[in-house]
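Inspection log for the structure reproduced underneath, given as structure tokens.
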Amino acid sequence: MSQRFLDLTGIGTDELRKNVGEPALLAAFIRFLEAHEPDLVAVAEEIGMAPDELVAARRILEGQEEQ
């Protein structure tokens, strides 16, 4: 899944490591997961969150919802 993200976005691994804490990158990764629900569900389960919580986090990161 992560290689697919890198391939589709063109982001290099060095750039990813450098910007991993940036809200825009985090939002982009969650949006990427949203495009393929099985990935969204798998990641949510892995980190102990509900998929809708990840979607809500993305909205907050993008400034679409208040915290």
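Taken together, the values in this text are just the output of simple stated rules run on the coordinates, not laboratory data. A quick note: this is a predicted structure, and the numbers were derived from the prediction, not measured. Ideal geometry is used to build each Cβ from the backbone, glycine not excepted, and the neighbour counts take in all protein chains shown.
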How high is the relative contact order of the chain, given as a whole-number percent (alpha carbon pairs under 8 Å, six or more residues apart)? 29
The chain, Rg to Rh (Cα coordinates; Rh as Kirkwood inverse mean 1/r): 0.96
Mind sorting I47, I60 by how few other Cβ atoms lie within 10 Å of their own Cβ, fewest first? I47, I60
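With charges set only on the Cβ (+1 for Lys and Arg, -1 for Asp and Glu), what does the dipole of the chain come to about its Cα centre, in debye to the nearest 20?
Details: 6 positive and 14 negative charges, 48 e Å.
So the dipole magnitude of the chain works out to roughly 240 debye.
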Once the dipole of the stretch 2-61 is set up with Lys and Arg at +1 and Asp and Glu at -1 on Cβ about the Cα centre, which of A56, V20, F32 lies farthest towards its positive end? V20
